[in-house]
Amino acid sequence: MKYFFYIMITILIFSGCASNHPPLPTENSVNIKKYMGKWYEIARYEHFFEKNCKNVTATYSLKDDNTLKVTNRCQKIDTNKKTSATGVAYATNDSNSKLKVSFFRPFYGDYWIIDLDKDYKYAVVGTPSREYLWILSRTSTLPKNTIDNILVKIKKLGFSTEKLIWTIQE
């Protein structure tokens, strides 16, 4: 188990260092207060920390020190067991579109808001390495035309749409 931890940390550190992709553009401005609240996961790239999850949500709240509290919840598909993880995040640029998030301090990962509805009804979050991607919504579903538009945009940004796991929301 000890070696697994060191291997995972090494992978996370170096996956952010090497990139064969062009720079990833982010939103010009994110009103962090409007971003707060509950988001439903519509789709994601599969990773061990969300393996076999359904009914996935992320809830953001502003802390007194202007960092964000992040609470991710999921229900396991096979057992219906509910799990949650709480982390912290902070903006790394003035537009609030590039954040660092940690669930395993002191290690932080990128959380870049690359598409955001003008009314904050949906958001697309990714990483410059194109290893992580989430489509989030204020509701448990999105209209097909909205999803189609998001898929066109993320493909242009170098993300594979074939890797998306569509989240079951009951």
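Worth pointing out:
- Residues of the range 102-116 include none that is over 13 Å from THR167 (Cβ atoms), modelled with pLDDT of 95 or more and more than 15 Å from the chain's Cα centre (by Cα).
- Failed criterion for LYS34 (all others in (1) in contact with a Phe, Trp or Tyr (Cβ under 9 Å, 6 or more places away or on another chain); (2) at pLDDT 95 or above; (3) open to solvent by less than 90 Å² (accessible area, probe 1.4 Å); (4) not in a strand (DSSP E or B) hold): (3)
- Candidate set from the range 86-101 (those that are open to solvent by less than 40 Å² (accessible area, probe 1.4 Å) and either modelled with pLDDT under 95 or of a type in the set (Val, Ile, Thr) (or both)); member that is farthest from PHE159 (Cα to Cα): VAL88
- Strands (runs of 3 or more DSSP E) fully within the range 104-170 counting 1 or more residues that are touching a strand residue (DSSP E or B) at 6+ places or on another chain (Cβ under 6 Å) and without any contact (Cβ under 8 Å) to a residue 12 or more places away in the chain: 107-116
- When ILE114, ILE150, ILE135, ILE168 are checked against the criterion of being farther than 18 Å from PRO23 by Cβ, of a type outside the set (D, E, K, R), surrounded by 18 or more Cβ atoms within 10 Å (Cβ to Cβ) and in contact with a Lys or Arg (Cβ under 9 Å, 6 or more places away or on another chain), ILE135 stands alone in meeting it.
- Residues considered: LYS69, LYS54. Of these, the only one that is open to solvent by 30 Å² or more (accessible area, probe 1.4 Å) and part of a strand (DSSP E or B) is LYS69.
The values are calculated or read from the model by the stated rules, or taken from the named source; none is laboratory data. It should be emphasised that the depicted structure is a prediction, and the values quoted were computed from it without experimental measurement. Cβ atoms come from the backbone with ideal geometry, glycine included; neighbour counts cover every protein chain shown. The protein model used for the area step is the full one, side chains on, heavy atoms only, and it has no ligands, DNA or RNA in it. Shrake-Rupley method; radii C 1.70, N 1.55, O 1.52, S 1.80 Å.
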